[in-house]
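**Q** What follows is a single structure, and I will ask about it in a moment.
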Amino acid sequence: MTTWFSATAVVPELTRAWGLTPFEAAWLTNAVQIGFVIGAVGSSLINLPDIVRMHRLMAVAALVAALANAWLLTGPGFGGALAARLVTGMALAAVYPPALKLMATWFVAGRGLALGFLIGALTLGSSVPHLFRALTAGIDWQAVVIASSLASLVGAFLIVLTVREGPHAFGRATFDPRQCLRVIREPAVALANLGYFGHMWELYAMWAWFLAFATAASANLVAVPFGSASMMTFVVVASGVAGCILGGVLSDRIGRCLTTAGMMICSGCAALLIGFAFDGPAWLLALIALVWGITVIGDSAQFSAAVTELADPRFVGTALALQLGIGFALTVLAIWALPLFAAWIGGWQWAFLMLVPGPVIGTAAMLALRARPEAARMAGGRR
């Protein structure tokens, strides 16, 4: 997953090197999101996970992501970089959704925690380019791209050598267009999806633009938390690993609905409050940012776990493809709009207020789901 934000981590350098406008810089991230949506829905439409074994599909896709990411080293300019990022997103769509389904085949009890560990891996991988940038400060931006491509290659080999499907297969997990309306009409699944959509409105825009926020904040701070804006971004995003594990533990013990609602309440409050610490003190900025980093992703796996438990078992693939496809499509809008909102209000200090409606709506949806009888099907009856 290191290739996801590899360009985002070096946007300031790419902007100078290629003469990018702020609009073009934003699309280096958004192209990955669009590619992911195209890849997730497209691969399901042609039943790719059924034609190719999931671990082989994931390995080939990781290899393609590494090669597409490495294409940035050729200096292709904005047009070529946009195409490379689009292909990267399409490739990652054949890594992440199959991984969710594959992990679920290994667990019935404890599925929330298992998927929490998986999303924790996604979180850590997504944060690592910022670590690469922090550790290579003073070195050309190409070092980040090289390191992230190599990491993706290592991931491909690990998948080939170690990953297999578990004993609890769902059968044919395909995207059947005729069943779309049926899946959407199921009230419990629809509420779980609405919770996920609120969560996604906040998550990727925060991940994509936190470096810009931290860079702007650092100009007014005597000491930048964790040493630099890049290191701060890495620590904040990577802290989500702890949130994913905590979310998995809580979800299997107290229920999917309470866990996701609690996480979104905390993350929404962090988005609301972080502007107050923009000018310091540094410890308060770091504290709010860490709480946000932990809670903004801590519930992510539980929406997918909920859908695997609420949807018709024959159409789990359809339900997951719809959830991921629509959710990531929303991230395109949020990532595009956030810097425009920041410019409109005069800077990054209060820009994250735009994200607060997402967790508010998501929390309301999950609490409504908790009141429905279908919620008893989740986490062994824990709501």
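The values are calculated or read from the model by the stated rules, or taken from the named source; none is laboratory data. What you are looking at is a predicted structure, and each value in this text was computed from that prediction instead of being measured. Glycine gets a Cβ as well: all are built from the backbone with ideal geometry, and neighbour counts include every protein chain shown.
**Q** Does GLU202 qualify as being charged (D, E, K, R) and buried (at least 24 other Cβ atoms within 10 Å of the Cβ)? Walk me through it before giving the result.
**A** Numbers: charged (D, E, K, R): yes; buried (at least 24 other Cβ atoms within 10 Å of the Cβ): yes.
It is true that GLU202 is charged (D, E, K, R) and buried (at least 24 other Cβ atoms within 10 Å of the Cβ).
**Q** Report, by residue number, each residue of the stretch 213-248 that is β-branched (Val, Ile, Thr) and modelled with pLDDT under 90.
**A** Residues satisfying the conditions are VAL222, VAL224.
**Q** Also: Among (1) more than 30 Å from SER251 (Cα to Cα); (2) part of a helix (DSSP H, G or I); (3) among the small types (Gly, Ala, Ser); (4) modelled with pLDDT under 90, there is one condition GLY116 misses while meeting the rest; what is its number?
**A** Status for GLY116: all satisfied but (1).
**Q** Right, another one. Name the residue, out of LEU330, LEU353, that is more than 19 Å from the chain's Cα centre (by Cα), assigned to a helix (DSSP H, G or I) and either under 21 Å from MET200 (Cβ atoms) or modelled with pLDDT of 90 or more (or both). Walk me through how you get there before you give the answer.
**A** Working: LEU330 fails: more than 19 Å from the chain's Cα centre (by Cα).
Only one candidate passes the filter, namely LEU353.
**Q** In the stretch 338-352, which residues are crowded, with 16+ Cβ neighbours inside 10 Å and either among the hydrophobic types (A, V, I, L, M, F, W, C) or in contact with a Cys (Cβ under 7 Å, 6 or more places away or on another chain) (or both)? Please lay out each step first, then the result.
**A** At the first step, the residues of the stretch 338-352 found to be crowded, with 16+ Cβ neighbours inside 10 Å are 338-339, 341-342, 348-352.
LEU338, PHE341, ALA342, TRP348, TRP350, ALA351, PHE352, listed by residue number.
**Q** Is one or more of the residues making up the stretch 284-292 surrounded by fewer than 24 Cβ atoms within 10 Å (Cβ to Cβ), small (Gly, Ala, Ser) and touching a residue at least 12 places away in the same chain (Cβ under 8 Å)?
**A** yes
**Q** Just to check your reading of the model, which residue among LEU338, LEU367, LEU322, LEU284 is part of a helix (DSSP H, G or I), under 19 Å from GLU186 (Cβ atoms), modelled with pLDDT of 90 or more and in contact with a helix residue (DSSP H, G or I) (Cβ under 7 Å, 6 or more places away or on another chain)?
**A** On the way: LEU338 fails: under 19 Å from GLU186 (Cβ atoms); LEU322 fails: modelled with pLDDT of 90 or more; LEU284 fails: under 19 Å from GLU186 (Cβ atoms).
Step by step, each of LEU338, LEU367, LEU322, LEU284 is checked, and only LEU367 is part of a helix (DSSP H, G or I), under 19 Å from GLU186 (Cβ atoms), modelled with pLDDT of 90 or more and in contact with a helix residue (DSSP H, G or I) (Cβ under 7 Å, 6 or more places away or on another chain).
Residue-by-condition table, conditions (1) under 15 Å from TRP283 (Cα atoms); (2) β-branched (Val, Ile, Thr); (3) touching a residue at least 60 places away in the same chain (Cβ under 8 Å):
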site	(1), (2), (3)
ALA229	yes, no, no
VAL237	no, yes, yes
VAL241	no, yes, yes
GLY248	no, no, yes
GLY255	no, no, yes
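**Q** For the structure I just gave you, tell me whether GLY116 is more than 25 Å from VAL10 (Cβ to Cβ), in contact with a Cys (Cβ under 8 Å, 6 or more places away or on another chain), in contact (Cβ under 8 Å) with a residue 24 or more places away in the chain and not aromatic (Phe, Trp, Tyr). Please lay out each step first, then the result.
**A** Values: more than 25 Å from VAL10 (Cβ to Cβ): yes; in contact with a Cys (Cβ under 8 Å, 6 or more places away or on another chain): yes; in contact (Cβ under 8 Å) with a residue 24 or more places away in the chain: yes; not aromatic (Phe, Trp, Tyr): yes.
Yes: the conditions hold for GLY116.
**Q** Assess whether THR21 counts as being farther than 18 Å from LEU100 by Cβ, buried (at least 22 other Cβ atoms within 10 Å of the Cβ) and of a type in the set (Val, Ile, Thr).
**A** On the way: farther than 18 Å from LEU100 by Cβ: yes; buried (at least 22 other Cβ atoms within 10 Å of the Cβ): no; of a type in the set (Val, Ile, Thr): yes.
Spelling it out, it is not the case that THR21 is farther than 18 Å from LEU100 by Cβ, buried (at least 22 other Cβ atoms within 10 Å of the Cβ) and of a type in the set (Val, Ile, Thr).
**Q** Among the helices (runs of 4 or more DSSP H) confined wholly to the stretch 15-92, which include 1 or more residues that are at pLDDT below 85 and touching a strand residue (DSSP E or B) at 6+ places or on another chain (Cβ under 7 Å)? Don't jump to the end; show me each part of the working.
**A** Details: elements: 22-45, 48-51, 54-70, 77-92.
The helices (runs of 4 or more DSSP H) meeting that bar number zero.
**Q** Identify, by number, the condition in (1) at pLDDT below 90; (2) buried (at least 21 other Cβ atoms within 10 Å of the Cβ); (3) within 15 Å of GLY298 (Cα to Cα) that THR123 doesn't meet.
**A** Answer for THR123: the failing condition is (1).
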